[in-house]
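Asker: Dumping the structure here so I can ask a few things about it.
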Amino acid sequence: QTCGDHGLPSKDMMQAGYAPQWGKQGRDDLGVMARLGANAVRLYHSLGLDSSDDHGAFLDGAQAAGLNVMPGYHTEMANLKGKCTDFDCFDAWKQATLKGFDAGFKTGDAWHPAVSALILLNEPDFFESSAKCKPAGAWCRVKAVVSALDGVLAAEEEAGVAAGRVRLTATWSFAIRGSIDGEVTGPGIFGFQDMV
């Protein structure tokens, strides 16, 4: 299914094209969420889709509504051909971050003040079942997360952007897996052990 002759709708809900949903001139989702007591909004696919569309209006709207924004990187970049060779995501995440700065994620020499955390990868533990993960194992997810983190930090340094209050995280699934060091097994907790 496509949307006219333009392909599928974008997964990036922060772009200006979705303003009729989240903006005050439309449905005002950000305002509604804030009035219902929300203090943050987590998004998927906000960075890394090679989009140059403006994200600043969404961030400005979230800030005006008193919402923290936790944008996520497009995790599937790690599986795309030509990106993240052998799960080394340094270059892909660095470029995605630099493009994000140009698309409104940067204000002056800092991240936009609405950004509170960056979701580096969403459930990278599923990389173990990727045809690209040979031999299969935890090394794929760990290498992807650590190299993505390094890419984001390198982009901040290159662009002169201070981290400020922005935190970095990866989200793990509730699958029961073992940590890379074999010390921990269980739903989600393996990922925390992987990062220490």
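Asker: Return the residues of the range 172-188 that are within 21 Å of MET70 (Cβ to Cβ) and out of contact with any helix residue (DSSP H, G or I) (no Cβ under 8 Å at 6 or more places or on another chain); say none if nothing qualifies.
Answerer: Residues satisfying the conditions are PHE174, GLY188.
Asker: Separate question: Would a scan of the range 73-85 turn up a residue that is within 20 Å of VAL146 (Cβ to Cβ), touching a Phe, Trp or Tyr at 6+ places or on another chain (Cβ under 7 Å) and not hydroxyl-bearing (Ser, Thr, Tyr)?
Answerer: Within the range 73-85 (the criterion being within 20 Å of VAL146 (Cβ to Cβ), touching a Phe, Trp or Tyr at 6+ places or on another chain (Cβ under 7 Å) and not hydroxyl-bearing (Ser, Thr, Tyr)), the answer is yes, since at least one residue qualifies.
Asker: Considering each of PHE190, PHE174 in turn, give the residue that is modelled with pLDDT under 95, crowded, with 19+ Cβ neighbours inside 10 Å, among the hydrophobic types (A, V, I, L, M, F, W, C) and closer than 16 Å to ASP125 by Cβ.
Answerer: Of PHE190, PHE174, the one residue that is modelled with pLDDT under 95, crowded, with 19+ Cβ neighbours inside 10 Å, among the hydrophobic types (A, V, I, L, M, F, W, C) and closer than 16 Å to ASP125 by Cβ is PHE190.
Asker: State yes or no: is SER51 crowded, with 17+ Cβ neighbours inside 10 Å, modelled with pLDDT under 95, among the hydroxyl-bearing types (Ser, Thr, Tyr) and touching a strand residue (DSSP E or B) at 6+ places or on another chain (Cβ under 8 Å)? Outline the logic, then answer.
Answerer: Working: crowded, with 17+ Cβ neighbours inside 10 Å: yes; modelled with pLDDT under 95: yes; among the hydroxyl-bearing types (Ser, Thr, Tyr): yes; touching a strand residue (DSSP E or B) at 6+ places or on another chain (Cβ under 8 Å): no.
In short, no.
Asker: Another one. Considering ARG165, ARG177, ARG141, which residue is in contact with a strand residue (DSSP E or B) (Cβ under 9 Å, 6 or more places away or on another chain) and farther than 27 Å from LYS83 by Cβ?
Answerer: Just a single option satisfies the conditions, and that option is ARG165.
Asker: Can I ask one more? Let me confirm something: among GLY7, GLY72, which residue is at pLDDT below 90 and of a type in the set (Gly, Ala, Ser)?
Answerer: GLY7
Asker: Show the residue pairs that are 6+ apart or on different chains and have beta-carbon atoms under 7 Å apart, the first residue being within the range 120-146 and under 17 Å from ASP181 (Cβ atoms) and in contact (Cβ under 8 Å) with a residue 12 or more places away in the chain, the second being among the aromatic types (Phe, Trp, Tyr) and assigned to a loop (DSSP other than H, G, I, E, B).
Answerer: Correct list of pairs: ASP125/TRP172.
Asker: Looking at (1) over 21 Å from LYS143 (Cα atoms); (2) at pLDDT below 95; (3) surrounded by 17 or more Cβ atoms within 10 Å (Cβ to Cβ); (4) more than 12 Å from the chain's Cα centre (by Cα), can you tell me which one SER46 breaks?
Answerer: It is condition (4) that SER46 fails.
Asker: Quick check on this structure: which one of LYS11, LYS81 is out of contact with any helix residue (DSSP H, G or I) (no Cβ under 9 Å at 6 or more places or on another chain), in a loop (DSSP other than H, G, I, E, B) and touching a residue at least 40 places away in the same chain (Cβ under 8 Å)?
Answerer: Numbers: LYS81 fails: touching a residue at least 40 places away in the same chain (Cβ under 8 Å).
Checking each option against the conditions leaves just LYS11.
Asker: So in the range 108-152, with the set limited to residues that are more than 17 Å from SER46 (Cβ to Cβ) and among the β-branched types (Val, Ile, Thr), which one is farthest from the chain's Cα centre (by Cα)?
Answerer: Per the criteria, the residue is VAL142.
The values are calculated or read from the model by the stated rules, or taken from the named source; none is laboratory data. The shown structure was predicted, so the numbers you read here are calculated from the model rather than taken from an experiment. Every residue, glycine among them, receives a Cβ derived from its backbone with ideal geometry; neighbour counts consider all protein chains shown.
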